[in-house]
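Asker: Pasting a structure here, questions to come.
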Amino acid sequence: MARTRAFDETVAVRAALGVFWSRGYEATSLADLEAATGLNRSSLYQAFDSKRALFARAVALYLREVIAPRLTVFATGTPGLEQVTTYFEALATTMGTAPPALTRRGCLLVNTATELAPHDAEAHQAVEDYRALLHGHLTRALEGAAKAGVMPRKTVARRVELLVGSVIGVLVTARVDPAAAAKLARAAASEAAGWAG
């Protein structure tokens, strides 16, 4: 009869997420994961099969617990520029108020894009899925603005690409200078607000 696990997998994945997010996948050792989760190597392998599988679980948890809450603004109200400006203002607030040590970790998915995505198909897909998710929300918001006659429909695609690039820029800048990242996010919010009329 198999023994019941004496630990909560989600708690272990959350602990591993913190290490991957701070150090990156390649720089995270099994010893780091053992220290963070409180599990020995054997338990980690029995529960998650491999370091790579644990990382995949950490990415999925990051999407649920960090990314999804940031995107809820796009699920409320009528699609339009207000959703875009609210999103960027909230991003600016996060960059400006979170502890610098936390903000300087950047975004796990953006970090993964530069570290793993060029040579890891699964990581590449996770990054592309995140970009597509962001692109979809911003497209719906700007199409809503165009439908309301606030901005020309022909500018939607170009402006969505600009906004997606701005998000990535904010998240990369945060690793070096959180205050500058907050300023960039506010500039994007102001730019989007200026598209009205």
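The values are calculated or read from the model by the stated rules, or taken from the named source; none is laboratory data. As the structure is a computational prediction, the values presented were derived from the model and not from experiment. Methodologically, a virtual Cβ is constructed for each residue, glycine included, from the backbone with ideal geometry; neighbour enumeration extends over all protein chains shown. Quick note on the areas: whole protein, heavy atoms, side chains included, nothing else; ligands and nucleic acids left out. Shrake-Rupley method; radii C 1.70, N 1.55, O 1.52, S 1.80 Å.
Asker: In a GNM of the chain with a 10 Å cut-off on Cα contacts, which of Ala12, Ala187, Ala101 has the highest mean-square fluctuation?
Answerer: In this elastic network of the chain, the residue with the biggest mean-square fluctuation among Ala12, Ala187, Ala101 is Ala101.
Asker: Which part of the stretch 162-197 falls in the paramagnetic zone of Thr114, meaning amide N under 19 Å from the point 7 Å along Cα-to-beta-carbon?
Answerer: 164-185, by backbone N distance to the label point.
Asker: Ok, one more. Roughly how far apart, in whole Å, are the Cα centres of the stretch 72-102 and the stretch 38-71?
Answerer: Between the Cα centre of the stretch 72-102 and that of the stretch 38-71, the gap is 26 Å.
Asker: For a quick check, take a GNM of the chain with Cα springs below 10 Å and name the residue from Phe48, Phe74, Phe88 with the largest mean-square fluctuation.
Answerer: Of Phe48, Phe74, Phe88, the Gaussian network model singles out Phe48 as fluctuating most.
Asker: What does the C-alpha gyration tensor say about the overall shape of the stretch 21-60? Classify as rounded when a/c is under 1.5, otherwise prolate if a/b is larger than b/c, or oblate.
Answerer: Oblate is the answer for the stretch 21-60, as a/c is 1.5 or above yet b/c matches or exceeds a/b.
Asker: Moving on. Quote to one decimal, in nm, the extra length available between Ser42 and Ala27 on full extension: 0.36 nm per residue of separation minus the C-alpha distance between them.
Answerer: Stretched fully, the Ser42-Ala27 segment lengthens by 3.4 nm.
Asker: Assuming 0.36 nm per residue, please report the length gained on full extension of the stretch His135 to Arg70 beyond their Cα-Cα distance.
Answerer: Contour length minus Cα-Cα distance gives 22.0 nm.
Asker: If you bin the C-alpha pair distances of the chain every 5 Å from 0, what whole percents do you get?
Answerer: All Cα pairs, binned at 5 Å, distribute as 1, 7, 14, 17, 17, 14, 11, 7, 5, 3, 2, 1, 0, 0 percent.
Asker: Hey, another quick one. Which one of Ala60, Val13, Thr72 has its Cα pushed farthest toward the positive end of the charge dipole of the stretch 1-114, where Lys and Arg give +1 and Asp and Glu give -1 at the Cβ?
Answerer: In the stretch 1-114, that residue is Val13.
Asker: Here is a follow-up. Using each residue's phi in the stretch 85-99, evaluate 6.51 cos²θ - 1.76 cosθ + 1.60 at θ = phi - 60° and report the 3J(HN,Hα) Karplus result to the nearest Hz, with x for Gly and Pro.
Answerer: 5, 4, 4, 5, 5, 5, 4, 4, 4, 4, 5, x, 10, 5, x
Asker: How large is the helix-only mean residue ellipticity at 222 nm for the chain, computed as the sum of -39500 (n - 2.57) over DSSP H runs with n ≥ 4, divided by its residue count, in deg cm²/dmol to the nearest 500?
Answerer: -22500 deg cm²/dmol
Asker: With every protein chain left in place, what is the accessible area per residue of the stretch 1-153 in square angstrom, probe 1.4 Å?
Answerer: 52 Å²
Asker: Could you order the peptides 38-44, 142-148 from most to least packed, using the average number of other C-beta atoms within 10 Å per residue?
Answerer: Most protected by this proxy first, the peptides run 142-148, 38-44.
Asker: Choose one answer from Gly149, Gly80, Gly106: the residue with the largest mean-square fluctuation in a GNM of the chain with alpha-carbon springs under 10 Å.
Answerer: Ranking Gly149, Gly80, Gly106 by mean-square fluctuation puts Gly149 first.
Asker: With θ set to phi - 60°, apply the Karplus curve 6.51 cos²θ - 1.76 cosθ + 1.60 along the stretch 61-75 and write out the HN-Hα couplings as whole Hz, x wherever there is a Gly or Pro.
Answerer: So the J values, rounded to whole Hz, are 5, 4, 4, 6, 9, 10, 6, 4, x, 5, 8, 4, 4, 7, 9.
Asker: Can you pull a Stokes-Einstein diffusion coefficient for the stretch 40-152 at 37 °C (0.692 mPa s), Rh from Kirkwood over Cα pairs, as a whole number of µm²/s?
Answerer: 203 µm²/s
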